[in-house]
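Sharing a structure with you now.
The values are calculated or read from the model by the stated rules, or taken from the named source; none is laboratory data. These numbers were taken from a predicted model, which means no experiment stands behind them. For neighbour counting, all protein chains shown are included, and Cβ atoms are generated from backbone atoms with ideal geometry for every residue, glycine included.
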Amino acid sequence: MMVRNIVISGDTLTGKTMVAIALAAKLRYMKKSVGYFKPAGTKSYEHSTESEDVDEDAAIMKELLGIKQNLSCICPIVRTNSSYDELLRIGHDQLMKKLMTCYSEISEGLDYVIVEGTKASWHLMHVDLSTPQIAKELNASVICLVNFPDITAIDDILLQVELFRQQGIENLSIILNMVPPMLKKTVTEHIGPFLKDRGVDLVGVIYLNRELFSPTVREIQRALSGEMLTGTNKMDLLIDQFMVGSMAPENALKWFRRVRDKAVITSGDRADICLTALETDTNLLILTGGIGPDIGTVARARELGVPIMMTAHDTYTTGHIVDGLIGTVTVDNKEKLSIVENIVGKELDLDTILK
């Protein structure tokens, strides 16, 4: 029996790796052998070494599935900001040869290979290696993930469908992600039938869930290489939203009061912002630029039991990093892995995906 390939596509932060984890768990429960392949990823400076550039998702799936191949084979193209010119120089034929050599090694003897797409399905189109083009080469079925904050996202779904159908791919299904629970009736009664009429199956709806999408203080510390100044006993606190404190304190107070269970990002020398944040429902202070807080801030944080974390990153970089933590999974967070497998796995219509 030939290996079956399932491509998971979606824009940045649509939960592709979460779905890959849940899908792999369900297939393995069915006693199927499962591999993972990511043709093109992004360099993780935490996991990469001098001799090897590593994609973080590939590192997670290698450990989770016990894949014996090297990371450089699981994810053969690891991109950086300067890689686009280099890929053009290498050219499509040479890159495709590299991808297919690695894919052949990964897929040998397996029932299924889960193939994770690029940050957006059209990435690498400039070397004819976009996710739809890879899916066509592998004769894969495709699952498109689309974040669905409101019904206007229906156009995002149709765009994804059109991109893959242009490559002649008809075995295409949709998973809606980060859906507000209040849209449940709309999705069930209107969006699902709307897609069905266009020949596209809705095979999963992942509703907003704190445990699934909100990072913990521990995960934030790991991503920022942060130093905990207070609150080391609160590492499992969930952070629902990040707010940057760069305004006047009187304006900040009104802003901070709007959000619960938040982290406030500000420079350590902004004692006024720190103390204002501590007077609202704040779960974490993140101090940037390697600047520590004053004694008053530390004393008040300890009194309230609020963790303070210091990072060497500037405020902009810190904000960019933490935004990327929404819905992320790490192998060492067994509880989060179990949540992903249970919550996401429960929402997947495996019969339709595998038809």
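Within the stretch 297-327, how many residues are touching a Gly at 6+ places or on another chain (Cβ under 8 Å) and either assigned to a helix (DSSP H, G or I) or without any contact (Cβ under 8 Å) to a residue 40 or more places away in the chain (or both)?
Summing the residues that are touching a Gly at 6+ places or on another chain (Cβ under 8 Å) and either assigned to a helix (DSSP H, G or I) or without any contact (Cβ under 8 Å) to a residue 40 or more places away in the chain (or both) in the stretch 297-327 gives 3.
Can you tell me which residues in the stretch 28-66 are modelled with pLDDT of 95 or more and among the hydrophobic types (A, V, I, L, M, F, W, C)?
VAL34, PHE37
While we're on this one: Quick check on THR288: is it crowded, with 16+ Cβ neighbours inside 10 Å, of a type outside the set (Asp, Glu), assigned by TED's automatic domain parsing to the domain that holds ILE308 and closer than 18 Å to THR311 by Cα?
yes
Something else: What helices (runs of 4 or more DSSP H) lie completely within the stretch 74-145 and have 1 or more residues being buried (at least 17 other Cβ atoms within 10 Å of the Cβ) and not assigned by TED's automatic domain parsing to the domain that holds ILE169?
none
I've got another one for you. For the stretch 210-285, give me every one of the strands (runs of 3 or more DSSP E) that falls completely inside it and has 2 or more residues that are in the same structural domain as GLY305 (by TED's automatic domain parsing) and under 21 Å from the mean Cα position of the chain (by Cα).
By residue number, 241-244, 262-267.
Tally time: how many residues in the stretch 90-124 are over 17 Å from ASP53 (Cβ atoms) and free of Cβ contacts under 8 Å to residues at least 40 places away in the same chain?
10
Among the numbered criteria (1) more than 17 Å from MET18 (Cα to Cα); (2) touching a Gly at 6+ places or on another chain (Cβ under 7 Å); (3) without any contact (Cβ under 8 Å) to a residue 40 or more places away in the chain; (4) not in a loop (DSSP other than H, G, I, E, B), which one does ILE67 miss?
Of (1) more than 17 Å from MET18 (Cα to Cα); (2) touching a Gly at 6+ places or on another chain (Cβ under 7 Å); (3) without any contact (Cβ under 8 Å) to a residue 40 or more places away in the chain; (4) not in a loop (DSSP other than H, G, I, E, B), only one is false for ILE67: (4).
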